[in-house]
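Since the structure comes first, as structure tokens, the remarks are kept for the end.
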Amino acid sequence: IRFVDRQDGLEKIENFDYVLAATGRNPNVKDLGLWNTTLELDSTGVPIFDPFTMQCGDSSIFIAGDANNVLTLLHEAADEGLIAGENAGCFPNMKQGLRRSPLSIVFSDPQIAMVGQAWAELEGHENVVVGKISFEGQGRSRVMLKNKGLMHLYADRESGLFLGSEFIGPHAEHLAHLLSWAHQQKMSIPQMLEMPFYHPVIEEGLRTGLKDVNLQLNL
């Protein structure tokens with residue numbers, strides 16, 4: 001593979017047995033001639049649009065899915081397509097569509113998941129507290145021989161509102177869905193702790209992390 005090393009800026013050639021190509025992709029809009037329109041375009045040539053109506057500027061043009069290059073995920077594309085289609089059909093009588101809590105999952109082993117706001121968005125905010133749970137000592141994870149991973153949970157110190165989570169660990173896809181539902185319902189950490197937790201399950205690890213957050217709240 002020929003590549004440019006970001007650390008020293010030099011072009012290098014190396015041999016590998018396997019390659020995981022996760023370099024991203026660009027929306028295929030360059031041949032649409034959008035520069036001939038009055039639409040305002042971003043640096044990649046994609047029209048500036050309203051994420052709640054999918055309308056490009058003040059025009060009758062709507063953009064959805066991978067074409068807008070924001071959240072290139074199937075469930076997001078389906079939502080955007082519905083919003084764009086309904087508003088295009090009703091134009092100019094548009095309405096804002098439902099946008100769900102951010103949810104991303106990487107199907108690796110162990111799995112990786114992100115829900116709600118990421119630490120990159122929250123870092124530096126003095127009212128944000130972080131709860132942590134290692135899966136190394138989590139009971140069910142140990143029995144399954146899958147006790148590897150770490151979870152961070154973010155909440156507002158004053159209101160207790162659950163803000164988001166980032167983690168790597170066993171069955172992260174299922175934990176991520178529980179957390180995304182709580183995030184979309186705007187639940188607080190105490191409210192989440194009122195939910196049932198069976199024994200022995202991996203979700204008990206989530207409860208441990210929620211308790212860690214709860215101890216840091218000013219409630």
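The values are calculated or read from the model by the stated rules, or taken from the named source; none is laboratory data. No experiment lies behind these values; they were computed from the predicted model shown. Counting neighbours? That spans all protein chains shown, and the Cβs are built from the backbone with ideal geometry, glycine included.
Please specify each residue of region 137-167 satisfying the condition of being of a type in the set (Lys, Arg) and either in contact with a Ser or Thr (Cβ under 9 Å, 6 or more places away or on another chain) or not assigned by TED's automatic domain parsing to the domain that holds MET114 (or both). Full working, then the answer.
Of region 137-167, the ones of a type in the set (Lys, Arg) are 140, 142, 146, 148, 157.
If the condition is that a residue be of a type in the set (Lys, Arg) and either in contact with a Ser or Thr (Cβ under 9 Å, 6 or more places away or on another chain) or not assigned by TED's automatic domain parsing to the domain that holds MET114 (or both), then LYS148 is the only one that fits.
So, in region 183-207, how many residues would count as being within 14 Å of ALA113 (Cβ to Cβ) and in contact with a Gly (Cβ under 9 Å, 6 or more places away or on another chain)?
At the first step, the residues of region 183-207 found to be within 14 Å of ALA113 (Cβ to Cβ) are 183, 202-203, 205-206.
Of the ones still in play, those that are also in contact with a Gly (Cβ under 9 Å, 6 or more places away or on another chain) are 183, 202, 205.
Residues meeting the conditions: 3.
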Q) Which numbered condition trips up ARG2, out of (1) surrounded by 10 or more Cβ atoms within 10 Å (Cβ to Cβ); (2) more than 30 Å from ASN93 (Cβ to Cβ); (3) of a type outside the set (A, V, I, L, M, F, W, C)? A) (1)
(Q) Can you list the strands (runs of 3 or more DSSP E) lying wholly within region 32-150 that have 2 or more residues being surrounded by 19 or more Cβ atoms within 10 Å (Cβ to Cβ)? (A) 111-116, 128-134
Q) Any idea which of THR44, THR72 is outside the structural domain of PHE135 (by TED's automatic domain parsing), hydroxyl-bearing (Ser, Thr, Tyr) and touching an Asp or Glu at 6+ places or on another chain (Cβ under 7 Å)? A) THR72
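Can you tell me which residue within region 154-164, out of those that are among the charged types (D, E, K, R) and outside any strand (DSSP E or B), is farthest from the chain's Cα centre (by Cα)?
First, the residues of region 154-164 that are among the charged types (D, E, K, R): 156-158.
After this cut, where a residue has to be outside any strand (DSSP E or B) as well, the list is 157-158.
Working: ARG157: 22, GLU158: 24 Å.
Looking at residues that are among the charged types (D, E, K, R) and outside any strand (DSSP E or B), I get GLU158.
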Q: Take region 165-195 and flag every residue that is under 27 Å from ASP109 (Cα atoms) and part of a loop (DSSP other than H, G, I, E, B).
A: PRO170, HIS171
